[in-house]
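Structure first, then comments.
The values are calculated or read from the model by the stated rules, or taken from the named source; none is laboratory data. Just so you know, these numbers come straight off a predicted model, no measurement behind them. Note: ideal-geometry Cβ built from the backbone for every residue, glycine included; neighbour counts use all protein chains shown.
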Amino acid sequence: MMKRSVALLVGLAVVGCVLAGCVATKESVIAQHGGDKYQAAKFLKDQGRYQDAVDVFKAFMEDRPQSVLVPLVYLHMGECYVAMKQYPEAIDVFKQAIAKDPAKVGPFAKDALAGAEKLLKEQKEAEAKAAAEKKAAEEAKAAAEKKAAEEKAAAEKAQADAKAKAEADKAAAELKAKEAQKAAEKK
C-alpha cells in the first residue's frame, strides 16, 4: 500500500511538473513507473526522449541481463537510435535482438535492420552528395576568384600599356615638335 501511495505521489508530482512546463528526470519517470525501468524507458521513448530511453533501457539490462525482455529492449533501443538518426548503433542493437530471440523478435528486428541499413546507406549517399556539392562550390569559387584576379591583372596591364603608349606617343610628339622647331629655325 505504501509503495502504491509513493508511486501515486510521484506520478502527481510528474503531472504537475508537466503542466508547469518542466521536464521530468529519468529518475522521476522510473519512480513514476514503480521502479520498472522497462516501462519507464518505453514511456520516455513514446515521449520522444530517445536518448533518455536508451539510457534507461541500458540500465534495465544492467539490472536484469537475463530477462526475457532483453530482446525487446534491443528492438526498442534500435528504434530510438533510428529516431535519432544514429543508424550504425541501430544496426548493432537490431542484430543483437535477432541473436537473442530469432523466433519471436527476430522477424521484427530483421525488418527494422533492413530499414536501418537502407537509411544508413541513404545518409551516407546524402553526405557524399553534400560533400561533392561543397567541393564543387569551393572549386567554382576558386575558379571565379582566379578568373577575377586574371581579369584584374589583364586590366591593370592594359592600363599600364595604355599609359606607356600615351607617354611614348607624347615623347614622340614632343620629339617631332622639337625636330620641326629645329627645322624651322634652320630655314
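Pairing each residue of the stretch 97-108 that is free of Cβ contacts under 8 Å to residues at least 60 places away in the same chain with any residue that is outside any helix (DSSP H, G or I), provided the two are 6+ apart or on different chains, yields C-beta distances under 6 Å for A97/V105. When the stretch 82-112 is limited to residues that are hydrophobic (A, V, I, L, M, F, W, C) and over 19 Å from A53 (Cβ atoms), the one that is nearest to the chain's Cα centre (by Cα) turns out to be I98.
Within the stretch 116-134, can one find any residue that is assigned to a helix (DSSP H, G or I), surrounded by 13 or more Cβ atoms within 10 Å (Cβ to Cβ) and among the charged types (D, E, K, R)? Looking through the stretch 116-134, at least one residue is assigned to a helix (DSSP H, G or I), surrounded by 13 or more Cβ atoms within 10 Å (Cβ to Cβ) and among the charged types (D, E, K, R). Looking at K163, K176, K170, K186, which one is without any contact (Cβ under 8 Å) to a residue 24 or more places away in the chain, farther than 30 Å from L75 by Cα and loosely packed, with under 10 Cβ neighbours inside 10 Å? Answer to the selection: K186.
Evaluated against (1) modelled with pLDDT under 90; (2) out of contact with any helix residue (DSSP H, G or I) (no Cβ under 8 Å at 6 or more places or on another chain); (3) within 30 Å of V70 (Cβ to Cβ), K118 falls short on exactly one condition, (1). Among the residues of the stretch 64-87, the one identified as of a type in the set (K, R) and closer than 17 Å to K118 by Cα is K85.
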